[in-house]
């Protein structure tokens, strides 16, 4: 699948390119069997991409997760691309922990891709495949 797929924003295409370069299979998303929309499938798992603006903090990450929840869309796994926005790894980890604390029943996990780091936390089995990690 081309990175020029019209449904992906430039920020989402950057995340897709990163994930594909890391060896992941990334395909465009649509609607899950449960009716939730998602941005892509990464290794068959529906994900939602988030690309905060310059100056993002852990609060920004929490707010973006909350916005997705309120809209009723997105997947149960979020990928934040925080490269070039000035978010250090400690703040990315804090953001992931805050999302887990606030929305552990809504999201299954979060990944943050930053400048020189790639951190992930899962607190539920990978949805919809049912595998545990």
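The values are calculated or read from the model by the stated rules, or taken from the named source; none is laboratory data. Just so it is clear, the model here is predicted, and its values are computed rather than measured. Neighbour counts run over all protein chains shown; Cβ positions are idealised from the backbone, glycine included.
Filter segment 37-57 for residues that are surrounded by fewer than 17 Cβ atoms within 10 Å (Cβ to Cβ) and in contact with a strand residue (DSSP E or B) (Cβ under 9 Å, 6 or more places away or on another chain); which is modelled with the lowest pLDDT?
37
Within the set of pairs 6+ apart or on separate chains, which have a first residue in segment 81-93 that is touching a residue at least 60 places away in the same chain (Cβ under 8 Å), a second that is exposed (fewer than 15 other Cβ atoms within 10 Å of the Cβ) and assigned to a loop (DSSP other than H, G, I, E, B), and C-beta atoms under 8 Å apart?
So the pair list comes out as 83/115.
Can you tell me which residues in segment 71-94 are modelled with pLDDT of 95 or more and surrounded by fewer than 15 Cβ atoms within 10 Å (Cβ to Cβ)?
Passing the criteria: 88, 90.
Based on what the data block shows, is residue 75 assigned to a loop (DSSP other than H, G, I, E, B) and under 14 Å from residue 38 (Cα atoms)?
Yes; evaluated as a whole, the condition is true for this residue.
Considering only segment 95-115, state which residues are more than 11 Å from residue 65 (Cβ to Cβ) and buried (at least 18 other Cβ atoms within 10 Å of the Cβ).
Result: 108, 109, 111, 112, 113, 114.
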